[in-house]
1. Listed residues I118, I57, I76, I67; which is among the aliphatic types (A, V, I, L, M), farther than 25 Å from A165 by Cβ and within 20 Å of the chain's Cα centre (by Cα)?
2. For the range 373-383, state whether one or more residues are outside any helix (DSSP H, G or I), open to solvent by less than 50 Å² (accessible area, probe 1.4 Å) and touching a residue at least 24 places away in the same chain (Cβ under 8 Å).
3. Is it the case that the range 79-87 has a residue that's under 28 Å from G171 (Cβ atoms) and surrounded by 24 or more Cβ atoms within 10 Å (Cβ to Cβ)?
4. For the range 239-280, name all the residues that are open to solvent by 10 Å² or more (accessible area, probe 1.4 Å) and part of a loop (DSSP other than H, G, I, E, B).
5. Check P290, P335 and return the single one that is modelled with pLDDT under 90 and part of a helix (DSSP H, G or I).
6. Taking the condition of being in contact (Cβ under 8 Å) with a residue 60 or more places away in the chain and in a helix (DSSP H, G or I), how many residues in the range 229-238 meet it?
7. If you scan the range 385-429, which residues turn out to be surrounded by 18 or more Cβ atoms within 10 Å (Cβ to Cβ) and not in a helix (DSSP H, G or I)?
8. On the basis of being part of a helix (DSSP H, G or I) and either modelled with pLDDT of 85 or more or open to solvent by 10 Å² or more (accessible area, probe 1.4 Å) (or both), does H363 make the cut?
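The values are calculated or read from the model by the stated rules, or taken from the named source; none is laboratory data. For clarity, every value in this text was computed on a predicted model and none was experimentally measured. For neighbour counting, all protein chains shown are included, and Cβ atoms are generated from backbone atoms with ideal geometry for every residue, glycine included. Keep in mind that these areas ignore ligands, DNA and RNA; they rest on the heavy atoms of the full protein, side chains included. Shrake-Rupley method; radii C 1.70, N 1.55, O 1.52, S 1.80 Å.
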Amino acid sequence: MNSPTRPTTPSGERIGLGLRRNAAQFTLLVVVNALVGGMLGQERTVLPLLAEEEFGIRAYTAGLSFILVFGLSKAITNYFAGTFSDRYGRKPVLVAGWLVAVPVPLLLIWAPSWGWVIFANVLLGISQGLTWSTTVVMKIDLVGPARRGLAMGLNEAAGYAAVAATALATGYLAESYGLRPAPFLLGIAFAALGLGLSTLAVKETREHARLEAVGHVARADGRHDHLHDKLTDRQVFVQTSFKEPALSSASQAGLTNNLNDGLAWGLFPILFAAAGLSVGRIGVLAALYPAVWGVGQLVTGALSDRWGRKWMIVAGMWLQALALAVIAVSDAFLPWAIAAVALGAGTALVYPTLLASIGDVAHPAWRARSVGVYRLWRDGGFAAGALLAGIVADAFGVHAAVWVVATLTALSGLIVAVRMYETHPRPARVAQEDPAHG
């Protein structure tokens, strides 16, 4: 169907929605997001150990300061990434994010003091907010409504599988060649590749969102009648954060999910080192959790298109809480490894499903802004987790910090169970992509 109102690219190329139709660009964006994840993974194993061994930082709160500033800068940037991508286009925001990433590994290699590391993580947070948020929005733009869960599963799987692989690789590099510079040489390569692909090969997708907006159909039950296409930035923020039951439930669950990820990132390597594990074995444990998280999303994102979103989110939050409890009561490699697998599986159930639920509810005209607000809250969880875990660990020990976060994660799952409605009802689950959209 060739409608006169159908958007086209600046070159006049005919636009259609669907994973198959946009397979080449979608695959390219998966690769780009894997490189984004690699930039984050270069820190997962090494930086908490670097804080203690090279900079002599013993207090947990001070040691976790790099995660705090990373979380704050990424959370704030997420919000503006959504707004800017609606206003200026997706591709310029993506390229800007990679430009900010370029100096990060160099700063980590040459840092003469902990302040340099803090500054590097401010830049990393800004870069991750611009690049990861934009790849999420671009994939949602391309696939249309029928395969959102699969699209988010592929996006997040690529990113977190790369986090895991890089965490594992940097653990072995650090054990063989020292904490600096070898582990961070990977980051230099990732930044160069990401910037090159985003500049030369990625295409703008904003017109795909406009195409979906033209054919947007409201839910039959009238649940979204108040969410029309003309919401201001403030209204989008209020609906996503507090007012709309599904959007706000997803936002608090996302915050809690990254709160426990901030704990895992900052304190788990220290907890494992205190038990006498080698850097290599710590790298294995640091990689297991995001590896299962990453690969699992290949399955869970697609399953949420068939089964629905709500109860997968609830189950994932409760599985994470159980895994954290096992970590809190254990002191050996094997139970920690089993718990890391369970923690990754729980996160895999939650992560792409939350993003897909935002895409289900938000109107295409302001969906990028809603994704930005959701990711503002979600990645604010890094900062909240670093601050809370550091304060509790300094006062009562690392195990107590893990127990506190496990309890909060269980309560977050309960909030979703009580407040959230199913955002992907059965008729939408079985619908096929519109043939007119490709």
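1. Values: I118 fails: within 20 Å of the chain's Cα centre (by Cα); I57 fails: within 20 Å of the chain's Cα centre (by Cα); I67 fails: farther than 25 Å from A165 by Cβ.
Step by step, each of I118, I57, I76, I67 is checked, and only I76 is among the aliphatic types (A, V, I, L, M), farther than 25 Å from A165 by Cβ and within 20 Å of the chain's Cα centre (by Cα).
2. Within the range 373-383, the first condition is being outside any helix (DSSP H, G or I), and the residues that meet it are none.
The answer is no; no qualifying residue exists.
3. At the first step, the residues of the range 79-87 found to be under 28 Å from G171 (Cβ atoms) are none.
No, every residue in the range 79-87 fails to be under 28 Å from G171 (Cβ atoms) and surrounded by 24 or more Cβ atoms within 10 Å (Cβ to Cβ).
4. A275, G276, L277, S278
5. Values: P335 fails: modelled with pLDDT under 90.
After ruling out the rest, the residue left standing is P290.
6. At the first step, the residues of the range 229-238 found to be in contact (Cβ under 8 Å) with a residue 60 or more places away in the chain are 229-231, 233, 236-237.
Those still in the list that are in a helix (DSSP H, G or I) too: 233, 236-237.
Looking only at that region, the number is 3.
7. Once the filter is applied, which keeps residues that are surrounded by 18 or more Cβ atoms within 10 Å (Cβ to Cβ) and not in a helix (DSSP H, G or I), the range 385-429 yields M420, T423, H424.
8. Values: part of a helix (DSSP H, G or I): no; either modelled with pLDDT of 85 or more or open to solvent by 10 Å² or more (accessible area, probe 1.4 Å) (or both): yes.
No.
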